[in-house]
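Working notes, beginning with the structure itself.
The values are calculated or read from the model by the stated rules, or taken from the named source; none is laboratory data. Remember, predicted model here, so these are calculated numbers, not experimental data. No Cβ is skipped: glycine too gets one built from the backbone with ideal geometry, and neighbour counts run over all protein chains shown. The protein model used for the area step is the full one, side chains on, heavy atoms only, and it has no ligands, DNA or RNA in it. Shrake-Rupley method; radii C 1.70, N 1.55, O 1.52, S 1.80 Å.
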Amino acid sequence: MIKTLQELYKYRELLFSLVRKSLKARYKGSFLGFLWTFINPLMQLLIYAFVFQVVFRVQIPNYTMLLFIALLPWANFSSTLNSGMTSVVDNSSLVKKVYFPRIILPISISLTYTIDFIYCVPILIAAMFITHLPFNRWILFFPVVLVLQFLYQTGISFAISAINVRFRDTKQIVGLITMAWFYFTPILFKLDMLPETASILGMEVYPRILLTIINPMTGIINGYRAAFFYGAPPDPASILISAAEAIIAFVVGMAIFRKMEKTFAEDL
């Protein structure tokens with residue numbers, strides 16, 4: 001791992017170049033260009049406000065913001081996985097012709113979407129002001145949660161981008177998993193809405209604890225909500241579990257990528 005990090009530092013200019021290129025290409029040729037970074041989340045917020053407060057009349061106080069604060073990082077997460085997964089295959093001609101650390105490709109995708117997410121924060125802050133959510137010192141915890149998400153989604157991108165080179169149906173499988181994953185993450189609901197205990201197939205389970213342990217995005221989403229919605233410190237156990245699993249995902253994903261990249265040229 002140390003060798004990989006040293007190599008990444010050596011090729012850091014290439015990494016930054018790929019990120020810049022990706023950011024520029026996203027809105028190239030569009031009339032509003034970079035403004036779409038702000039328009040998309042703003043339109044999402046207006047749609048959620050209409051659907052859940054006017055149509056469904058959800059009784060949870062300020063549910064639109066509760067949902068919006070969770071959906072922004074989830075959109076970043078799922079987009080990173082979808083694009084990161086094909087990052088090596090999409091650059092197959094480059095991979096076969098020029099030497100550079102191939103692991104830069106999924107990292108550049110994750111960095112691009114993370115920067116995109118950061119650009120959406122002013123919209124989030126403005127929405128907090130409009131909906132009278134408290135501004136407090138815990139908002140400063142946002143970078144910590146963002147780093148955990150970056151490590152987690154990058155680690156997964158390492159693994160699935162390498163696997164996708166050899167098995168091209170990985171895209172369909174990941175799509176199905178991500179769709180189910182969404183509903184097992186506290187986005188449309190709050191974690192405390194789940195019962196403390198439940199009986200499934202005759203076995204007693206603890207849904208809140210189970211969801212926190214098996215799904216690192218639970219702690220990450222709740223971390224964002226703690227900072228931006230509740231104005232309170234995040235649950236320490238939940239954040240520590242997500243942090244440990246994010247680091248593990250990053251290290252294991254890197255190991256899988258480095259092992260499988262030896263046959264990239266043949267598989268591509």
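Three semi-axes describe the equivalent ellipsoid of the chain; taken as square roots of 5 times the Cα gyration tensor eigenvalues and ordered largest first, they are 33, 23, 17 Å. Scoring 123-136, 157-170, 234-247 by mean Cβ neighbours within 10 Å over their residues and listing the highest first yields 157-170, 234-247, 123-136.
Across the stretch 9-18, rounded Karplus estimates of 3J(HN,Hα) from the backbone phi angles (6.51 cos²θ - 1.76 cosθ + 1.60, θ = phi - 60°) give 5, 5, 9, 4, 5, 5, 4, 5, 5, 5 Hz, Gly and Pro being marked x.
Over all Cα atoms in the stretch 95-170, the spread is summed up by Rg and Dmax: 17.4, 55 Å. Dipole check for the stretch 179-268: with +1 at the C-beta of Lys and Arg, -1 at the C-beta of Asp and Glu, and the Cα centre as origin, the magnitude is about 140 Debye. Dipole check for the stretch 216-267: with +1 at the C-beta of Lys and Arg, -1 at the C-beta of Asp and Glu, and the Cα centre as origin, the magnitude is about 100 Debye.
Projecting label points 7 angstrom from Cα along Cα→Cβ for Glu266 and Phe182 puts them 3.9 nm apart. If you plug the beta carbon distance of Ser92 and Asp169 into 1/(1 + (r/R0)^6) with R0 = 22 Å, you get a FRET efficiency near 0.80. In degrees between 0 and 90, to the nearest 10, how far off the longest principal axis of the chain does helix 216-225 point, with axes built from Cα atoms? Once rounded, one gets 50 degrees. Annotation: extensible slack from Arg26 through Asn40 equals 3.7 nm (criterion: 0.36 nm per residue apart, minus Cα-Cα distance). What the chain shows is 54 Å² of accessible area per residue, with the surface traced by a 1.4 Å probe over protein heavy atoms. Can you work out D for the stretch 1-100 in µm² s⁻¹ from Stokes-Einstein, where Rh is the Kirkwood radius over C-alpha pairs, the temperature is 10 °C and the viscosity is 1.306 mPa s? The Stokes-Einstein estimate is 93 µm²/s.
What fraction of the Cα pairs in the stretch 169-268, stated in percent, has a spacing above 17 angstrom? Tail fraction, whole percent: 65. Grouping the Cα pair distances of the stretch 142-187 into 10 Å bins from zero gives a pair-distance distribution of 23, 44, 28, 4 percent in increasing distance order.
Radius of gyration over Kirkwood radius for the stretch 220-268, both on Cα atoms: the Rg/Rh ratio is 1.31.
Split the accessible area of the stretch 91-212 by element, probe 1.4 Å, and carbon with sulfur accounts for 72%. Across the stretch 57-66, coupling constants 3J(HN,Hα) worked out from phi with the 6.51/-1.76/1.60 Karplus curve, θ = phi - 60°, read 6, 4, 7, 5, x, 6, 4, 4, 6, 4 Hz, and Gly and Pro carry x. Charge dipole of the chain (Cα centre as origin; +1 on each Lys and Arg Cβ, -1 on each Asp and Glu Cβ, all else neutral): 880 debye, rounded to the nearest 20. Applying the Karplus relation 6.51 cos²θ - 1.76 cosθ + 1.60 with θ = phi - 60° to the stretch 78-86 yields 3J(HN,Hα) values of 5, 5, 4, 5, 5, 7, x, 4, 9 Hz, where x marks Gly and Pro.
FRET efficiency for the Gln6 to Leu201 pair, using the beta carbon distance and R₀ = 35 Å, is estimated at 0.10. Entry note, the chain: the mean residue ellipticity at 222 nm calculated from DSSP H runs of n ≥ 4, each adding -39500 (n - 2.57), is -22000 deg cm²/dmol after division by the residues and rounding to the nearest 500.
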